[in-house]
Amino acid sequence: MELINRGVGHFLPDPHRRVDGLALTTSSGLPSSSRQGHQGGGALDVLCVATTKEIHWYLRGRYRILSVSHGLSLESSSTMPSSHPREENVDEDHGGGCGINLVCSPDLGALLACFNVDVEGLHRSRQKAKLFCTTLLPRKRFELRLLSSSYASLFSRLWDVRKGVREALTSWKTALRPLDSKFQGLLTLLSDYGVDSAGGLDDNLGSESIRLEFLKFILCGRSTVSNASSLAAPSSSFSTSALDQFFTRPTMHDTLLAREAQKIESSCSSTEVILRSRVIGSIRAIVYEAEELYGIAASAALRGDHRLVDVKTALCLYRASRGLYLTFNQCLHHIVEARIRLHDLLAWLRGTAACVRARGTAPDSVQRRNARALRVSNGVVQRVAAFLSSPMMFASKDCDGSRRILTECIIGMPLSDFFVKLQQPRETLDCVKESVAVRGTNKVCNLMSAVQLMLQICTILFDRPRRVFAESVSVLDIHFEVKHSLLSVHTRIGAGYSDASSGDTSIDTRGFFLPKTNENDPAVEECPLWTVLARSLGTTVELIAIPGSTRFEPDARFYLRAIMAMPQGHEVTNIDFYGDDGNSSLSPTLDEDSDIKEGRQSVGFLVKYNELVSQEVRTELWLFRYDDFLFKRNDFKANVKNGVTILGAAVDETEFIRLVSDNEECDASSIIAPKRRLISTHRDSQNPRRPQMKLCGSRGTGGILTFGAPTCLNIFDLEEDEDSASAGV
């Protein structure tokens, strides 16, 4: 087996190349996933989960790479990163994340967390959001893809090995159970004849006594233990040996022995089949993954880059995997040897039992003919005598002898020592490395201990990236001076994204978000990423666009804001963005050189108002585009070192963007007539629960859950409205 050092040439080019994936986000404390890839490689999937006190990043939904305390819960105030998650009680009203909404930037370098519902108690202090930034996720995306796949593969394969070994142990015990019952009866018989060492723990469950009596029976023809001195009547003219009684029992009848021997050999072969079919493939995959991890660590060391995997730990993992592989091969070798010994022992038992039963019978009797037919060859007798006179092979001193099987001790092959887990304390990395160095990779060890050692090294190895990422996270507190009742967040690709990725100085704004402002601002035109917030402030709704960066330069300390005024008597009960990121899995872009551009981008309001004519409460979905809104630039107010405040808007009402409820065409740019869809009508306006809404721009669908009598879930196709509108034109 050769250790291959996978150098720099095996890795992909500069990680700052074009990003061809975007973030996909869900709200209401549900998990949000983001995908970010690069040209010529696969996507990096990150699952972000918000609990009551922490936010967890999971690579491909399995490998927890980072845990950070968000400090948004009422009872939590710490914002320091933590590399180990804590179990928290789930809030029954707002889900596991207590109504926390998460949104990732398209490059996965930033995550914004905030409340999207009006939670009681937040009004006692300023409402805020948290912006978590890390440079390692985009920079280390190739290594992280390999780490996540290696994490899932290693642990799943190790669990498969443990499961297969346990199944093999169960099959092995089941195969030897008929012989164990016979030999246990022989132990009782020997104990009755006064064999002192029978049954002692130091005698390997009494196996040495049976081995000694079998060996003497082969060499002398009869056992040295007889009942003439203690059990036989004084008038007895002959002495019956203990083994003669054992071989003449009904359970040692030839027909029964032949049937049991066939079953035993078949069950022992199934043990080998289990190991070869369910374990050896997983162990080979473990060795390959350990070699790949060492290649990642060695390559990072050669480049002098920030290391996510420690080289010494990775090498220790590879050596341990090699030891596991060699131990497994030794186990297979001993299983084959044990099957040969069992076959010889069963043949000798059948022949010896037939000979004992034929004693004293006529020369032409059936017993004599049966004994001659079952007489084993001299080679079988020599092999049985050889392993009976030899000490047990590979007997582990650390293994508890009470867990061994009597039959395997008699044949001198205690295979249970390979399968039984040794009770050892959890070792540190130094102890693990010393254990590997002392034991080496060529010395036979316990199979389950080798698996346990691999699990310990994997735990230590995959815990290092968590500590590295926890140290790389920076947190920015965003406070809102004006309280809001609803909040929704979304990410957009800016016009500077295409310019930064392609190196072209010309800017094509089609398919990208370029907010309109009163003045031509280069910072707005060159911004590659935007985080958009929609806040309900009562009679108005505020759109806030916060700039971001893909090259991890200090973000500009400004934001853009536009304010929409609702018609009188209309209340916004829910807000969600309806956005297509251009990276749909239903129709993926096969051309790697093409730029991924955004599709339809709108925002949806659930609006409740009283109908004057019918006196009914109507709930409608209002959907409209916001790319053409006129935004005003504002500067953040820095209050602390890692905190900024979004001040209240001091905007004249003439600058408001007004939404109208009728379907008349609006010539003024400050008046918007949204597309409307009726959701529900009811008489009772005192419904305490707000409806829930989720819109999917990439699929062109939406779903709204309204509560009342009855509770109703509406799922509809938003593309029908767009098709009908385009047909009308």
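The values are calculated or read from the model by the stated rules, or taken from the named source; none is laboratory data. All values reported here derive from a predicted model rather than from experimental measurement. Cβ: placed from backbone, ideal geometry, glycine included. Neighbour counts: every protein chain shown. Accessible surface areas use protein heavy atoms only, side chains included; no ligands, DNA or RNA. Shrake-Rupley method; radii C 1.70, N 1.55, O 1.52, S 1.80 Å.
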Inter-residue pairs, beta-carbon under 7 Å, first at negative phi and open to solvent by 20 Å² or more (accessible area, probe 1.4 Å) and in region 153-169, second among the β-branched types (Val, Ile, Thr) and part of a helix (DSSP H, G or I), 6+ apart: ARG157/ILE286; ARG162/VAL451; GLU167/ILE274
Hits in region 356-365 - residues which are free of Cβ contacts under 8 Å to residues at least 24 places away in the same chain and either crowded, with 19+ Cβ neighbours inside 10 Å or among the acidic types (Asp, Glu) (or both): ALA358, ASP364
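Does ASP627 satisfy the condition of being surrounded by fewer than 18 Cβ atoms within 10 Å (Cβ to Cβ), modelled with pLDDT of 85 or more and either over 30 Å from PHE558 (Cα atoms) or touching a strand residue (DSSP E or B) at 6+ places or on another chain (Cβ under 8 Å) (or both)?
Numbers: surrounded by fewer than 18 Cβ atoms within 10 Å (Cβ to Cβ): yes; modelled with pLDDT of 85 or more: yes; either over 30 Å from PHE558 (Cα atoms) or touching a strand residue (DSSP E or B) at 6+ places or on another chain (Cβ under 8 Å) (or both): yes.
So ASP627 passes the test.
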List the pairs whose first member sits in region 253-265 and is over 18 Å from SER171 (Cα atoms), whose second member is open to solvent by 50 Å² or more (accessible area, probe 1.4 Å), and whose Cβ atoms are under 6 Å apart, counting only residues at least 6 apart or on separate chains? LEU257/ARG350
Restrict the check to region 249-270 and report whether at least one residue is open to solvent by less than 10 Å² (accessible area, probe 1.4 Å), at pLDDT 85 or above and within 38 Å of the chain's Cα centre (by Cα). yes
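Conditions tested, residue by residue: (1) in a helix (DSSP H, G or I); (2) open to solvent by less than 20 Å² (accessible area, probe 1.4 Å); (3) among the charged types (D, E, K, R); (4) at pLDDT below 55.
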| site | (1), (2), (3), (4) |
| --- | --- |
| THR407 | yes, yes, no, no |
| PHE418 | yes, yes, no, no |
| ARG426 | no, no, yes, yes |
| VAL436 | yes, yes, no, yes |
| SER488 | no, yes, no, no |
Check whether at least one residue in region 631-648 is more than 24 Å from ARG535 (Cα to Cα) and modelled with pLDDT under 80, and report yes or no. yes
Just the residues that are open to solvent by 60 Å² or more (accessible area, probe 1.4 Å), under 30 Å from ILE646 (Cβ atoms) and modelled with pLDDT under 75, please, taken from region 559-602. LYS597
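So which residues in region 170-183 are β-branched (Val, Ile, Thr) and in contact (Cβ under 8 Å) with a residue 40 or more places away in the chain, if there are any at all?
Initially, region 170-183 is screened for residues β-branched (Val, Ile, Thr), giving 170, 174.
Within region 170-183, THR174 is the sole residue that qualifies.
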Would you confirm whether or not region 389-404 contains a residue that is crowded, with 19+ Cβ neighbours inside 10 Å and modelled with pLDDT of 90 or more? no
Only listed residue being farther than 19 Å from PHE636 by Cβ, modelled with pLDDT of 80 or more and not in a strand (DSSP E or B), chosen from GLY496, GLY538: GLY538
Return yes or no: is LEU346 out of contact with any Phe, Trp or Tyr (no Cβ under 6 Å at 6 or more places or on another chain) and either part of a loop (DSSP other than H, G, I, E, B) or under 30 Å from ASP160 (Cα atoms) (or both)? no
Conditions (1) surrounded by fewer than 17 Cβ atoms within 10 Å (Cβ to Cβ); (2) modelled with pLDDT of 75 or more; (3) of a type outside the set (A, V, I, L, M); number of the one not met by CYS666: (2)
In region 670-729, the residues that are in a loop (DSSP other than H, G, I, E, B), charged (D, E, K, R) and modelled with pLDDT under 75: ARG683, ASP684, ARG689
